[in-house]
Structure formats: C-alpha cells, structure tokens
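The values are calculated or read from the model by the stated rules, or taken from the named source; none is laboratory data. Because the structure is a prediction, the values reported are computed rather than measured. Cβ sites come from the backbone with ideal geometry, for glycine too, and all protein chains shown count toward neighbours. We work out accessible area using only protein heavy atoms, side chains counted, and drop any ligands, DNA or RNA first. Shrake-Rupley method; radii C 1.70, N 1.55, O 1.52, S 1.80 Å.
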Amino acid sequence: MPLDFFLTLRGIITPRRGELTPVRLLLQVNMNGRKRFLKRLLAGASVGALSLSPLRHLEARDKPGRFQPDGLDDEALWEEVRQQFTFAEGQIYFNCATFGLMPAPVQKAMAEAYQKLIRGRYNLSKKPRKKVAQMLNAEPKEVALTHNTTEGINIVAAGLPLRRRDEIIMTDNEHVGNALPWLNRARLDGVRIKVFSPAPTAAETLNRINDLVSRRTRVIAVPHITCTTGQVLPITEIATLAREKGAYSFFDGAHGPGTTPMDMAEIGGDFYASCGHKWLCGPPGTGMLYVRQDRINDLKALMIGAYSDTGWELSRNEVRLDPLVETAHRFDYGTQNNSLRVGMMAAIEFMEKIGWEKIHARGCELAAYLQEKLLEMPHVEMLTPVEAKSRSFVIGFKVKGRSLEYFRKNIPMMSRVRIRMVPESGLNSLRISTHIFNTKAEIDELLAFVEATKL
C-alpha cells in the first residue's frame, strides 16, 4: 500500500485544503473505477502510475533550497520556520514539553528511510549517532541511542554500583520517568532518596543540594529543566559539586536538547539522558544517553545484545562471552528502526540550519514575554523563576481560585489551545511551552483567555 495512503489515514501527513488524497480520489471515481483503484493500491502498484507521490505534501514545502533561513532576521525568519510545520486546523500548540511537532524535512527524511526499509535496505546508519554526539559536543563512543529519555534513565538507575543505605539526591519536581527508576532501585536495594525543592535562584538551589550531601551520597539525579515549571537547574555547578563530593551526577535532560545549546564537555556531568520527540521536533521512539567515557565501566550493562560484545561462543565445545565493547554502544543493541534514527538526525539538522543560539534566544524571548504579561495579572500565581538563567521555554503558573477541573471543562478554549495541566507534586498548575513556531499573537490570545478566568 503506498505510503501516502497510509500516512494520510493515520493523520501523520495532513494534506492541504483541496488536494486529492488517495482517500478522496477513492470517493470521487465511479464504482468500477473505485474497484480498479483499490485493486491497484492493494497490489502495491507504483505510486507514479497513480500520479500520487508519497512525499508530495512534504516536497511542496521542502524542495531542495526551499527552506533557507540564512539571511532572514526577526519575524521573517520565524515565519519561514513556521511554514515547515503542520498544525491542526484552528489549533494553537503550546506543548512541545510533552510532544514536539515534526517539520516537513523530518517527515520527508523518515518517509524516504522507511521506503528503503520496507524494500529490504535495513542496515543501521552510523550517521545519526555521530550527529547526536556532535550536537552534545561529545564523542560518538559516549553516546547510546535509546528509544526515549526514560530508557536512558533506567539504564543508569539500574546499572550504577549502589549498596544499601547509599543516598541519592533528587527534587520534588520530577517527571515520572525520572522518579520511578530511582524509586524502584531504592525498593529493590535499600538505597535512600533525599528530596529538596528547587529554589527561586540557581545559587540557592545549589546550596540546598549541598546541604543534603553526606558521606553516604552516591548520586545527584536531578532534571536539567523541570517538567513541571520549566525551571533550569545549574547543572554545570551541580556536576562540579558531585565530583568534589565523590558522587555521580545524572541529569534528566528531556527538556535540554532543542532549547539550549548543549556541551557535555563543558557541563562535565557523568550521565545525561534525553529524547528526540520533544524540543528537537523529531519522531517518538528516539532517545539518547550520554555516558562519559571514564564512567562507562562503572555502569553495569544489565541488558545486552547484538553490537554490545566483542565476541562470544555458544557451542558444545565452548561457552564464552568476551568483554563488552568499551563504548556506550553496549547499552543500545539489536534490531532498531533506522527510519526513526534518520528522523532524529534530520530534526537535529533542521535545528542546526536555524542555529542553536537563535533557537534558544527565540524560545526564551517568547517565554519571557508570556511571563511578564502574566505577572501583571493579580489573579495569577507564578511558579517559574523570574531569574533569566533559571528560566527556559516553559512557563508554569496557577490561576487563583481555579482548579484544574475548571480548565478541563472549559472546552471551547482548551480544545483550541494545546497546553499541559500539571497535577504532579500537588502543583495543580498550567504549563505553557513556547517554541520556534509560536508567535506573540498566539501568546496574546492565550493571555486574553487567562485574563478572563479571574473570579
């Protein structure tokens, strides 16, 4: 079945208004024509014979040289970027902290790679790993390609050499993906978790962590950017503190890549897990785990497979497993979907074309604009720090006197503006994620709604 037919049915590619998709064609031909058309689809007839390119919706927006952000500034640049994304009709999307929208070049790269895959060209490309390493300013041997952030967290939480009564320092603003793996390790092995609340400033947050450190502290496992309020933690300073205290540093980096330029060499952390489907605007099912080279052998590989080893034998004459590879590749193994990896690489390349610094500045500009306007509303309780270095692309706040149930029932607005409600940590707040395709006009529309919610 041609890919365009499948993707249109699944809603992955949204045709432009008035275009003939395979489904619409099927409805517009006569009965005999429908039978012939369906027969050709099911028989795998060539897309060209049907004059239906499986990528035509994407090619219309992403022909070679079409997306050219170079030389564009200010709103002209961001309008050009915005044109690469497909939005649900009438919807304003403020939720990349949960799931990022995929631009046309990413969809196109995935579709082309999947076409090769289903035709038997299934070899994994080495380029995505190199591209991820380049983005992180790390060595390819320090990067494992996972399926999501949580998988990377589990690899670290389960694999570190921890004993009963060892201590792990965490925040009370964790995503379930970082909370459960460490809680599970505590339940299985009797390690202890010590919890702190991030402070309004980076300096005070670091002090709170330092106050919890004891001779039993083995791991500081905290978010780079919290999922609840978007607070940026001072991870470079935290990594330095951990190293000075003889502890490991681990960062849940789900909200790092795509919002801020990454430099693992400068950060100096031991482990960093992230994903491709949020701020990088890549496909779901893609992730990355950074393991600093001198920490690879500290991390026990509990699950291994093809590509994890340097050799093995299992026969009547010999039973042997040679040492594992001396790289983070030991943590990703077996058959994987190359089209997803290619999609993540395309997402990184898309971002590179815009420029990491420009992306960071744009997202922060929009978030600061939103926060500034919300702070002018007496009925809004701001949760995200106002300190610039502790704020990124996410703004979290509460509306005084309004429960989450109130917003869930406010269907006309809440179905049009996609945001995230945050029941975690008892916050019962709202979270707004601003990214490169958003505009101040969209923020103004949201602000008008918030203004109208006051009692």
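Enumerate the amide H contacts of residue 167 below 5 Å, restricted to partners 5 or more residues apart or on another chain; note that Pro and chain-start residues carry no placed amide H.
HN-HN under 5 Å from residue 167: 192, 217, 218, 219.
Quick one: net charge of residue 393's neighbours, Cβ under 13 Å, K/R +1, D/E -1?
Here the count lands on +4.
Calculate, in nm to one decimal, what residue 357 and residue 320 gain on full extension: separation in residues at 0.36 nm each, minus their alpha carbon distance.
Gain on stretching residue 357 to residue 320: 8.4 nm.
Read phi for every residue in the stretch 155-169 and hand back ³J(HN,Hα) as whole Hz from Karplus 6.51 cos²θ - 1.76 cosθ + 1.60, θ = phi - 60°, with x for Gly and Pro.
Karplus values, whole Hz, x for Gly and Pro: 4, 6, 4, 7, x, 6, x, 10, 10, 3, 6, 5, 10, 10, 9.
If you stretched the chain out fully between residue 445 and residue 307, how much longer would it get, using 0.36 nm times the residue separation minus the C-alpha to C-alpha distance? Walk me through the numbers on the way to the answer.
On the way: separation 138, 0.36 × 138 = 49.68 nm, distance 5.10 nm.
Difference between extended and current length: 44.6 nm.
Taking Cα pairs under 8 Å and at least six residues apart, what relative contact order does the stretch 264-382 come out at, in percent?
It comes to 21 percent, rounded to a whole number.
Could you tell me whether the stretch 124-171 comes out rounded, prolate or oblate from its Cα gyration tensor? Rule is a ≥ b ≥ c as square roots of the eigenvalues, rounded for a/c under 1.5, then prolate if a/b exceeds b/c, otherwise oblate.
Prolate, since a/c reaches 1.5 and a/b exceeds b/c.
Which shape class, rounded, prolate or oblate, goes with the stretch 178-301 when its Cα gyration tensor gives a ≥ b ≥ c as root eigenvalues, a/c under 1.5 marks rounded, and past that a/b bigger than b/c marks prolate?
It comes out rounded by the Cα gyration axes.
Hey, rough spin-label estimate for residue 405 and residue 121, points 7 angstrom out along Cα→Cβ, what's it come to in nanometres?
Calculated label separation equals 5.7 nm.
How large a share of the accessible area of the stretch 217-287, in percent, is made up of carbon and sulfur atoms when the probe is 1.4 Å and the other protein chains stay in place?
That fraction is 47 percent.
Scan around residue 417 for amide H atoms under 5 Å from its own, H built in the peptide plane at 1.01 Å from N, and keep only partners 5 or more places away or cross-chain.
Excluding prolines and chain starts, which carry no amide H, the hits are 92.
Using a simple spin-label model with points 7 Å from Cα along the Cα→Cβ vector, what separation in nm is obtained for residue 300 and residue 80?
Here the answer is 5.3 nm between the modelled labels.
Filter the GluC sites (Glu not before Pro) in the stretch 360-419 to those in DSSP coil with at most 12 other Cβ atoms within 10 Å of their Cβ, and list the result.
Loop-located and lightly packed - 376.
If the reach is capped at under 19 angstrom between alpha carbons, list the lysines near residue 278, excluding any in the same chain fewer than eight residues apart.
Straight-line reach from residue 278, under 19 Å: 108, 131, 353, 358.
Residue by residue, what Karplus-based ³J(HN,Hα) values in Hz, rounded to whole numbers, does the stretch 240-257 have, using 6.51, -1.76 and 1.60 with θ = phi - 60° and x for Gly and Pro?
Whole-Hz 3J(HN,Hα) from phi for the stretch 240-257: 5, 4, 4, 4, 5, 8, x, 10, 7, 10, 10, 10, 6, x, 4, 10, x, x.
Please report the spacing between the Cα centers of the stretch 349-411 and the stretch 259-299 in Å, no decimals.
Taking the Cα centre of each part, the stretch 349-411 and the stretch 259-299 sit 24 Å apart.
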